[in-house]
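To keep things clear, I will list the structure first and then write my remarks on it.
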Amino acid sequence: MALNAEIIVVSGLPRSGTSLMMQMLNRGGIEVVTDEIRTADADNPRGYFEFEAVKRTRQDSAWITAARGRAVKLVSPLLYDLPNSESYRVLFMQRDIEEVLDSQETMLQRLGRPAVPREQIRASFGVHLERLYRWLPQQPHMRTLMVSYNRLLSDPDHDIPAIVDFLGGQPDAHSMRAAVDPALYRNRTTATTSPPMS
């Protein structure tokens with residue numbers, strides 16, 4: 001199926017690099033779906049590229065058809081709400097779980113909000129990902145490419161060709177590469193091993 005008949009979905013856990021991937025696709029010439037309600041801040045200096053309507057997809061999926069051929073960002077729990085009447089190419093961002101937790105705690109601290117105990121969140125994320133990794137390959141209306149955020153920041157030329165190929169050669173690799181700024185790689189752990197790619 002042609003890319004303009006499908007919806008590009010950028011997904012992953014919160015703070016897993018989904019905003020970076022949206023920036024890369026946007027730079028590479030893929031139109032992105034965003035309402036720009038959530039603006040750039042200290043946690044995401046280049047913006048969040050979010051679209052509020054995705055949070056209500058289970059109740060109202062009217063936005064879906066207008067997203068064909070474009071990229072939209074959804075946190076991973078919302079993948080279950082996407083109607084199977086459409087076809088999707090899912091770029092799923094994976095990041096070292098300790099970095100995800102560090103990044104979330106840093107963001108909540110800046111916002112003055114209390115953080116849920118780390119062990120509780122780690123266990124919850126683990127259960128969620130285990131279920132999701134079993135579910136995704138069983139969805140005939142979804143094709144998925146796992147992308148390691150950690151590797152993307154350290155060696156973007158390794159993953160960008162695979163991303164371009166996954167999207168039918170449409171995004172411009174050189175322009176996507178220009179969106180990767182290692183200076184924005186914060187909350188990194190000493191060991192940057194990625195989660196298992198299932």
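The numbers here are math on the coordinates, done by the rules we state, and not lab data. Values in this document were obtained by computation on a predicted structure and should not be read as measured data. Heads up, the Cβs are rebuilt from the backbone with ideal geometry, glycines too, and the neighbour counts pull from every protein chain shown.
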Subject >> Full-extension gain in nm, Ala5 to Val127, via 0.36 nm per residue minus C-alpha separation >> reply: 40.6 nm
Subject >> Cα-based convex hull, the chain, per residue volume (Å³, whole number) >> reply: 121
**OP:** Grab the other residues whose beta carbon is less than 10 angstrom from that of Asp81, score K and R as +1, D and E as -1, and report the net.
**Re:** +3
Original post:
By how many nm would the segment from Val75 to Arg134 lengthen if fully extended, with 0.36 nm per residue of separation less the alpha-carbon distance?
Top reply: 19.5 nm
**OP:** Evaluate the distance, in nm, between pseudo-label points positioned 7 Å from the Cα of Ser175 and of Glu31 along their respective Cα→Cβ axes.
**Re:** 1.4
Original post:
Within the chain, what is the longest stretch that has no trypsin sites (Lys or Arg not before Pro) placed in a DSSP loop and near at most 11 other beta-carbon atoms within 10 Å?
Top reply: 59-185
Subject >> Stretchable slack from Leu145 to Arg56, in nm (0.36 nm times residue separation minus alpha-carbon distance) >> reply: 29.6 nm
Subject >> Calculated [θ] (222 nm, deg cm²/dmol) that DSSP helices of n ≥ 4 give over the chain, each run adding -39,500 (n - 2.57) >> reply: -10000 deg cm²/dmol
